[in-house]
1. Pairing the Cα long axis of helix 16-26 with the longest principal axis of the chain, what angle in degrees results, from 0 to 90 and rounded to the nearest 10?
2. Compute, for the chain, the length of the dipole vector about the Cα centre, with Cβ point charges of +1 (Lys, Arg) and -1 (Asp, Glu) only. Units Debye, rounded to 20.
3. Could you give the nm distance between label points at Ala54 and Lys20, where each point is 7 Å from its Cα heading toward the beta carbon?
4. Local charge sum around Gly11 (other residues, Cβ-Cβ under 11 Å, Lys/Arg +1, Asp/Glu -1)?
5. Helix 43-54 versus the longest principal axis of the chain: what is the Cα-based angle in degrees, 0 to 90, to the nearest 10?
6. If you take every residue apart from Gln68 with its C-beta less than 10 Å away from the C-beta of Gln68, what net charge results, scoring Lys and Arg +1 and Asp and Glu -1?
7. Between Ala5 and Arg37, how many nm apart are label points set 7 Å from Cα along the C-beta direction?
8. Largest first and to the nearest Å, give the Cα extent of the chain along each principal axis.
Amino acid sequence: MNHDAELDAVGLLCPLPVLKARKRLQALTSGQVLRMRADDPAAVIDVPHFCAEAGHALAASEDDGPVQIYYIRKG
């Protein structure tokens, strides 16, 4: 999937991946996509919840071994 920005949150534990995603999304315009890589087991729950609460869309997610990749479209 095409993306406009990238965030590597591998090695960070809850709540840091979501907090860093929030900050990175602030610099994007509505409709742009952030690609975030994370390996925190809680991210599977935290990222979709964050998107729903903040008005963003989780456009896609996939696994790359132990790392999850999330594509977040800014709302």
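The values are calculated or read from the model by the stated rules, or taken from the named source; none is laboratory data. Not measured: the values here are computed from a predicted model. Because the Cβ atoms are built from the backbone with ideal geometry, glycine has one as well, and the counts that use them run over all protein chains shown. Please note that ligands, DNA and RNA were not included when accessible areas were found on the heavy atoms of the full protein model with its side chains. Shrake-Rupley method; radii C 1.70, N 1.55, O 1.52, S 1.80 Å.
1. On a 0 to 90 degree scale, this one is about 20.
2. 380
3. 1.3
4. -2
5. The helix 43-54 is inclined about 20 degrees to the chain.
6. For residues surrounding Gln68, the net value is -4.
7. 1.8
8. 29, 23, 17
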